[in-house]
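What follows draws every value from the coordinates through simple rules; no lab data is involved. Since the structure is predicted, the reported quantities are computational estimates derived from the model, not experimental observations. Cβ: placed from backbone, ideal geometry, glycine included. Neighbour counts: every protein chain shown.
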Amino acid sequence: MPLPFNAAQLAFLLSRLPAASQQAIRLLARTKGKTPQEVFAECLKEYLAGRIPPVDVSAALSTTHEVMYNMGYAFGRLRTLARNWSEGKGG
């Protein structure tokens, strides 16, 4: 999952962390041989992955299909009723 932040935004977020958190990220970065921004991005990815529930795409599409089918039926029925009413046939 790519992060929706560019490098400048990540640097800004990193700069807004408390000093102790910045020190911990710098230490972890040295341990892993990466930049603090890379380590912060990894931590942020893991944090977000734990917070955002997975989406059941097939269930979402199935529900959307059912709703659209019902809306199409209702719209068609209303169109027929309007046509019949304008032609004087009643309901």
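If you place +1 on the Cβ of every Lys and Arg and -1 on the Cβ of every Asp and Glu, how big does the dipole about the Cα centre of the chain come out, in debye to the nearest 20?
On the way: 11 positive and 6 negative charges, 36 e Å.
Dipole size: approximately 180 debye.
Please compute the Kirkwood hydrodynamic radius of the chain from all pairs of different C-alpha atoms, in Å with one decimal. Mind showing how you got there, number by number?
Values: mean 1/r = 0.0555 Å⁻¹.
Computed over the chain, the radius equals 18.0 Å.
Could the peptides 17-27, 39-49, 65-75 be put in order, highest first, of the mean number of other beta-carbon atoms found within 10 Å of their residues? Walk me through the numbers on the way to the answer.
Values: 17-27: 12.5, 39-49: 14.8, 65-75: 10.0.
Final packing ranking: 39-49, 17-27, 65-75.
Run lengths n ≥ 4 of DSSP H only: what is the helix-derived mean residue ellipticity at 222 nm for the chain, with -39500 (n - 2.57) per run over all residues, to the nearest 500? Before the final figure, lay out each step's value.
Numbers: 4 runs with 69 residues, N = 91.
Rounded to the nearest 500, it is -25500 deg cm²/dmol.
Hey, what's the per residue convex hull volume over the C-alpha atoms of the range 7-51, in cubic angstrom?
Values: hull volume 3.3 nm³, N = 45.
So the per-residue Cα hull volume is 72 Å³.
Quick check: net charge around residue 40, other residues with Cβ under 13 Å of its Cβ, Lys/Arg +1 and Asp/Glu -1?
Working: positive: 16, 26, 32, 34, 45; negative: 38, 42, 46.
Charge balance in the 13 Å sphere: +2.
Restricting to Cα pairs below 8 Å that are 6+ residues apart, what does the relative contact order work out to for the chain? Please round to a whole percent. The partial results should precede the final answer.
Values: 29 pairs, mean separation 18.0, N = 91.
Relative contact order, the chain: 20 percent.
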